[in-house]
1. Can you pick out the pairs among Lys56/Lys445; Lys146/Lys187; Lys60/Lys388; Lys110/Lys215; Lys51/Lys247 whose Cα atoms lie more than 23 Å from each other?
2. Which of rounded, prolate or oblate describes segment 163-246 when judged by the alpha-carbon gyration tensor and an a/c cut-off of 1.5?
3. Quick one: net charge around Asp119, please, counting Lys, Arg +1 and Asp, Glu -1 for every other residue with C-beta under 12 Å from its C-beta.
4. Between beta-carbons, use under 13 Å as the cut-off and find the net charge around Asn78, counting Lys and Arg +1, Asp and Glu -1.
5. Can you work out the accessible area per residue across segment 1-147, with the rest of the protein chains kept in place, probe 1.4 Å, in square angstrom?
6. If the limit is 22 Å between Cα atoms, which of Lys254/Lys383; Lys52/Lys383; Lys138/Lys196 go over it?
7. For segment 135-282, what relative contact order do you get, as a whole percent, if you take Cα pairs closer than 8 Å and at least 6 residues apart?
8. What does the charge count near Gly420 come to, summing +1 for each Lys or Arg and -1 for each Asp or Glu among other residues with Cβ under 13 Å from its Cβ?
Amino acid sequence: MSWGTELWDQFDNLEKHTQWGIDVLEKYIKFVKERTEIELSYAKQLRNLSKKYQPKKNSKEEEEYRYTSTRAFLATLNEMNDYAGQHEVISENMTSLITAELTRYVQELKQERKSHFHDGRKAQQHIETCWKQLEASKRRFERDCKEADRAQQYFEKMDADINVTKADVEKARQQAQLRHQMAEDSKAEYSSTLQKFNSEQHEHYYTHIPNIFQKIQEMEERRIVRIGESMKTFAEVDRQVIPIIGKCLDEITKAAESVDHKNDSQMVIEAFKSGFEPPGDVDFEDFTQPMKRTVSESSLSNSRGDGKSEPKFGSKSKGKLWPFIKKNKSPKQQKEPLSHRFNEFMTSKPKIHCFRSLKRGLSLKLGAGPEDFSNLPPEQRRKKLQQKVDELNRDIQKEMDSRDALTKMKDVYIKNPQMGDAASVDLRLAELGQNIEKLRLEVQKFEGWLAEVEGRLPARTEQPRRQSGVYEAQNPAAVNSCAQDRESPDGSYTEEQSQETEMKIPATDFDDEFDDEEPLPTIGTCKALYTFEGQNEGTISVAEGEMLYVIEEDKGDGWTRIRRNEDEEGYVPTSYVEVYLDKNAKGAMTYI
């Protein structure tokens, strides 16, 4: 079955059919290309979806992913990211193995088809030229035969006419012979041309055209095979990633099976356990007889000792409640926020230093809390301190690794001076040594607090406060209230109540008395070693390398008071600045 023998007269139809085949191939290429774009878009959307639900670093969400259910969800997100990667692989493989290959093949196919049909047209033109030559030779032979017949008839007429001279008859006879000779020559030429044409025609329809059509047929069959192979590759590309996609799905299933509801419940206990004991029974109070109300250790009263409570600075006279039992606030408290009343009091410029220290401590209460996490229940405080110790130990290890690397680099420089100057790393080594020492001091400090919480050390005495002697002498109850605000009558923790009582500071007797305080004099300058964002009340933001004025040095609580200009001053961590004190300046602190 050959196109050359079966379709010898269908040149135009074969030309249309092969062009249609190329169009089909180009259509398939376009289909695969759009499929790759869909795969890429799908992979991109999956990656964006996975990224959207990933926990943000250093956020509360990241802490929530310690539960088995949320860890399983995180594993699902990671596997979906890998799942998206397999769709990208599908797109890449289809582009390289199908789209690119077929695009190149289409260009080659077009060139080959053009060449074959050019040869076919050339053979067609040649046979048409031969046919025209045959027709011309035939017409010439026919014309010569007719002229020879007319010349013969003219000669016979002249020869039969007695009135014609002998010379005219001879002339007519010679003309007739010439025409007969021309007819014979035309006949011979026509015969030769006919034989030649028949030979060319036979060779055209039985040799040239079959060969050309056979090549066109082979070309078309190769195209059909190629598109079939491409479709098979189309399926194989998908099949190759199925095992990896299956693994992703298996990992998701494995993560789902790892969800442990009992473990999550235990983690909730560990996360929120306060370590306190529930309150005891409330004693019966007999009002039938005039007697003092006895207060047991398990009572919900805030009184201590003999039952008489002296007015406390910033605290309520009534008993404290548990965190989950809230008292109604007075109308004044409901109208005016606590922090606003506190700020009005603190901006009245008191001259007594204890109120500046008190402002610093209370502003910490408004923000992140004290450094030793003493505002937290015992169990939560222990966990926070342990996390802080672990974090500091990791920082120490990093600094020690950097120091070891620089030490090795210095040894190399010493042995090979051409590689670098050994003295250039001394400054950095000294800086790393200072950092390590600071971190170790921090670790010791937090380990001491941790040991106190865990009971390895004696209970810590009341933390020293920067308060003046006069204030302590005049208001002993106010000082003690700071230490008792976080305890219920039976030693329990009362966070909500403490926030209300600690912050309640009278703002009536001090506004007029201390309204004319002069700005504190500068006692030196300081340079910010690190950037600090002062987000809490009473602090100030500084940028790394910024020079500022020191108006109050650190008194042991880790904070230094600085001033940028007449209107901007506040506290920054002492470890964040390098202080240069003026020896001639007077002390910035005056304890009254």
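The values are calculated or read from the model by the stated rules, or taken from the named source; none is laboratory data. Please read these numbers as outputs of a predicted model, since none were measured by experiment. Here the Cβ is made from the backbone with ideal geometry for all residues, glycine too, and neighbour counts use every protein chain on show. SASA here: full protein model, heavy atoms, side chains in, ligands and nucleic acids out. Shrake-Rupley method; radii C 1.70, N 1.55, O 1.52, S 1.80 Å.
1. Lys56/Lys445, as the Cα separations exceed 23 Å there.
2. Verdict is prolate for segment 163-246.
3. Residues near Asp119 contribute +4 overall.
4. +2
5. About 64 Å² of surface per residue is accessible.
6. Exceeds cut-off: Lys254/Lys383; Lys52/Lys383.
7. In percent, rounded to a whole number, it is 21.
8. +1
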